[in-house]
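Enquirer: This is the structure I want to talk about, given as structure tokens.
The values are calculated or read from the model by the stated rules, or taken from the named source; none is laboratory data. Because the structure is a prediction, the values reported are computed rather than measured. Here the Cβ positions follow ideal geometry from the backbone for every residue, glycine too, while neighbour counts run over all protein chains shown. These area figures cover heavy atoms from the full protein model, side chains too; ligands, DNA and RNA do not enter into them. Shrake-Rupley method; radii C 1.70, N 1.55, O 1.52, S 1.80 Å.
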Amino acid sequence: MRPQAEPAEPRAGMLVCVCDPQLDPPANDNGPKAIPTFGLALGFAFAVLAQTVASAALPLAGAMLASQPAFATWPFAAMLLGAALASFPASFLRDAFGRRTGFALGASLGIAGGALLVAALLQRQFAWACLGALWLGMAQGFSFFYRHEAAAASGRPAAATAGVLAGGVLAALAGPTLAGFAENLAAPFFLVGAAGLAAGAHALSLGVAVTLAPDPPPVFRPKSVAPLRVIVGPTLLGALAWFGMSAVMSGAPLALMGCGIGEAAVFGFIALHVAAMYAPAVPLALVGDRVSPPVLAGVGLVLVTAAVPLQLYGSAEAITAALLAVGAGWSIATVGCTAWLYRAGRPGRLGLALHDGTLFLCAILGALAGGLLF
């Protein structure tokens, strides 16, 4: 064996490593094992609570602060725009820095967005409301990657996806009660309590996010990914379902008020819609993998399509039925499309980002269309 050479003396132009040998190499915090679905469902549930409150408050805030009626849906559309913008960083940050970093960043944006929305309502600033809604939407975009985390780690992607979405049921049902309590605390400032509740829900989601990952492994090992073409079918059907859901949902609060429904009661109708968005995930968590993902996606799209004429009918009963149908259809289509993505293997970061980004982009177009059609 050749003797080891002595280290060279320092000289001009010589590159010397100054890394602390006691520290491990930089790595993400995904950990060597998958985390339980319960942790993902809990973090998603708090994000859904914020989504429930914000979805009801933003159209009303837009109507209250906008200089023209045509601008009333802009804050809601800004929330969807934020979700679309977050799709790419949410996907790439997850692999580069880990699930804890990505989800914690998203929740932090939600806290800031809720706080800014509070300031906008107190100061009656429409632009601030749109910016706060944008940050709330970015938090929502990050939170929807909880379902990808579960699907990628499970051999039953439909059931795992549905299990995470099912965490939103209780949050949606508790939303109206908590929103009413928060509004009473903030009285006489309308919607300020709801905006504060959205910020608080994201604070709880942040508390869950920072506990998700175990100790980091010393190195990050990239995995093989499915080809990009596998996202075309599920993205197309999912985009249509998200467009229809957003169009019906964005126009519903003002349409209900036009039917004589009080402003405070609108939170209950929207929460009922959000509960319908996640309730089908409970049975799908048990039987979802026994049904073909494209069939699930198709059934969901049919329900979303059926909601449009109900919304156009204009009565409070028809609008309620439309909210229930479009919510259930969105849930079934989302579970089906997500499971469809993973049939050929795990999609790459770019594929997931393009899929979710397209869904949220179509939701934005649906929100704008809802303001004109309904």
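Enquirer: Checking the conditions here, which among Arg147, Arg100 is open to solvent by 40 Å² or more (accessible area, probe 1.4 Å), part of a helix (DSSP H, G or I) and among the charged types (D, E, K, R)?
Expert: Of Arg147, Arg100, the one residue that is open to solvent by 40 Å² or more (accessible area, probe 1.4 Å), part of a helix (DSSP H, G or I) and among the charged types (D, E, K, R) is Arg100.
Enquirer: Since Phe360 meets every condition but one in (1) part of a helix (DSSP H, G or I); (2) open to solvent by 10 Å² or more (accessible area, probe 1.4 Å), which condition does it not meet?
Expert: (2)
Enquirer: Tell me which helices (runs of 4 or more DSSP H) are completely within region 260-354 and hold 1 or more residues being polar (S, T, N, Q), or say none if there are none.
Expert: Numbers: elements: 263-278, 281-287, 293-313, 316-341.
So the answer is 293-313, 316-341.
Enquirer: I would also like to ask the following. How many residues are modelled with pLDDT under 90, open to solvent by 40 Å² or more (accessible area, probe 1.4 Å) and not aliphatic (A, V, I, L, M) when one looks only at region 295-335?
Expert: Number satisfying all stated conditions: 3.
Enquirer: Could you name every one of the helices (runs of 4 or more DSSP H) located completely within region 152-214 that has at least 3 residues being open to solvent by 20 Å² or more (accessible area, probe 1.4 Å) and modelled with pLDDT of 85 or more?
Expert: 168-186, 192-209
Enquirer: Quick one: would you say Gly106 is under 30 Å from Ser292 (Cβ atoms), under 18 Å from the mean Cα position of the chain (by Cα) and crowded, with 20+ Cβ neighbours inside 10 Å?
Expert: Here the answer is no, as Gly106 does not meet what is asked.
Enquirer: Looking only at region 364-374, how many residues end up being modelled with pLDDT of 85 or more and either touching a Leu at 6+ places or on another chain (Cβ under 8 Å) or buried (at least 21 other Cβ atoms within 10 Å of the Cβ) (or both)? Outline the logic, then answer.
Expert: First, the residues of region 364-374 that are modelled with pLDDT of 85 or more: 365-366.
Then drop every residue that is not either touching a Leu at 6+ places or on another chain (Cβ under 8 Å) or buried (at least 21 other Cβ atoms within 10 Å of the Cβ) (or both), which leaves 366.
The qualifying residues number 1.
Enquirer: May I pose another question? Exactly one of these conditions fails for Thr235: (1) modelled with pLDDT under 90; (2) open to solvent by less than 40 Å² (accessible area, probe 1.4 Å); (3) polar (S, T, N, Q). Give me its number.
Expert: Unmet for Thr235, out of (1) modelled with pLDDT under 90; (2) open to solvent by less than 40 Å² (accessible area, probe 1.4 Å); (3) polar (S, T, N, Q): (1).
Enquirer: While we're on this one: State yes or no: is Arg343 modelled with pLDDT under 85, open to solvent by 20 Å² or more (accessible area, probe 1.4 Å) and closer than 18 Å to Gly141 by Cβ?
Expert: So Arg343 fails the test.
Enquirer: Quickly run through region 319-353 and pick out the residues that are in contact with a strand residue (DSSP E or B) (Cβ under 7 Å, 6 or more places away or on another chain) and either of a type in the set (A, V, I, L, M) or under 11 Å from Pro294 (Cα atoms) (or both).
Expert: Result: Leu341, Ala344.
Enquirer: Looking at (1) surrounded by fewer than 19 Cβ atoms within 10 Å (Cβ to Cβ); (2) more than 19 Å from the chain's Cα centre (by Cα), which one does Arg349 not meet, given that it meets all the others?
Expert: Of everything listed in (1) surrounded by fewer than 19 Cβ atoms within 10 Å (Cβ to Cβ); (2) more than 19 Å from the chain's Cα centre (by Cα), Arg349 misses just condition (2).
Enquirer: Let me ask something else about it. Please go through (1) open to solvent by less than 10 Å² (accessible area, probe 1.4 Å); (2) over 21 Å from Ala194 (Cα atoms) for Met79 and return the number of the only condition it doesn't satisfy.
Expert: Result: Met79 fails condition (2) only.
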